[in-house]
Amino acid sequence: MADVIYPRLIGARLRSQLSYRASFAMDFVTQVIAQCYELLVILILFTQIHALGGFTKNEVLLMYAFAGTAFGVADLFAGQLDNLPTYIRTGNFDVLLMRPLGTLPQIMCSDIRLRRIGRISGALAVLGYALANVPIGWTPAKVLLVIATPIAGSVIYGAVWVVACSICFWIVDGREFANAVTYGSNAFTSYPINVYSRPLRWFMAFVVPGAFVAYYPSLALLGKQDPLGLPGWVGWTSPLVAALAAGVAGLVWRFAVRHYRGTGS
């Protein structure tokens, strides 16, 4: 049943947004511009320096593009979790529990905002530029790595979103904490992790596995050694890390839902 219902829900959401074409076009352009603002920060930074953490401008742009693409896809499908505090506070989460469908997929399908494709498009444009301007010894494995990295990164971001938002079951106004982790992860992964302090680097790179979104795959693609000393094969493990992160996120969500007691309203 879920195989039929979810595609219909998503299709209905998309059709409703595409029916207002001018509004969609404006929102799309706005998202592209928002992505360009983040790009502008990097470009301005490199007017003052020649390398960041041992990486050139185009190499940093490669990491930025991988991270931006992955975050855009995750935001498209998991960004609706930002509304979880409202679901809980108003009692609407109880309604989701009464339906013969998973609560997490229901929320994720509730408000897919197609305009977020603008952010993805902007990041993909930068990715195309970066791939054309960094030295890569292309092999079939590296082609697959380019394809797999944004997919694995979006799963990692989505898992982080689920885990971070799950705290709202205990702290109803926990949206700011969740946003700090999710949107903060996007800012963190857009740059080489070796430029950060050790405590932040270890937390955001390995507790929150942000380093596997863009940094380590970029090292593998470029054939560069990790300045932090990890072996080269780590850059190929993002799909495995994504699968583990998704598994952990699923367990955390299930635990949180099982201990949910309602609003009492």
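The values are calculated or read from the model by the stated rules, or taken from the named source; none is laboratory data. Just so it is clear, the model here is predicted, and its values are computed rather than measured. Ideal geometry is used to build each Cβ from the backbone, glycine not excepted, and the neighbour counts take in all protein chains shown. Calculation scope for accessible area: heavy atoms of the full protein, side chains included, ligands and nucleic acids excluded. Shrake-Rupley method; radii C 1.70, N 1.55, O 1.52, S 1.80 Å.
Quick look at the values:
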read-out: Accessible surface, the chain, averaged per residue in Å² (probe 1.4 Å); value: 50
read-out: Using a Förster distance of 51 Å, the FRET efficiency for residue 255-residue 147 (Cβ separation, nearest 0.05); value: 0.95
read-out: Surface share of carbon and sulfur [accessible, 1.4 angstrom probe, percent] for the range 2-259; value: 68
read-out: Sequence ranges 36-42, 69-75, ranked by mean other-Cβ count within 10 angstrom, highest first; value: 69-75, 36-42
read-out: Whole-Hz couplings from phi, Karplus 6.51/-1.76/1.60, listed for the range 40-48; x for Gly and Pro; value: 4, 4, 5, 5, 5, 4, 7, 7, 10
read-out: Equivalent ellipsoid semi-axes - Cα gyration tensor, the chain, angstrom; value: 33, 22, 17
read-out: Relative packing of peptides 149-159, 201-211 - highest average C-beta neighbours within 10 Å first; value: 149-159, 201-211
read-out: Sites residue 243 and residue 207, calculated FRET efficiency, Cβ-Cβ separation with R0 22 Å, nearest 0.05; value: 0.80
read-out: Summed side-chain charge close to residue 123 - residues other than residue 123 whose Cβ falls under 12 Å, Lys, Arg +1, Asp, Glu -1; value: 0
read-out: Shape category assigned to the range 80-155 from the gyration tensor of Cα positions, a/c cut at 1.5; value: prolate
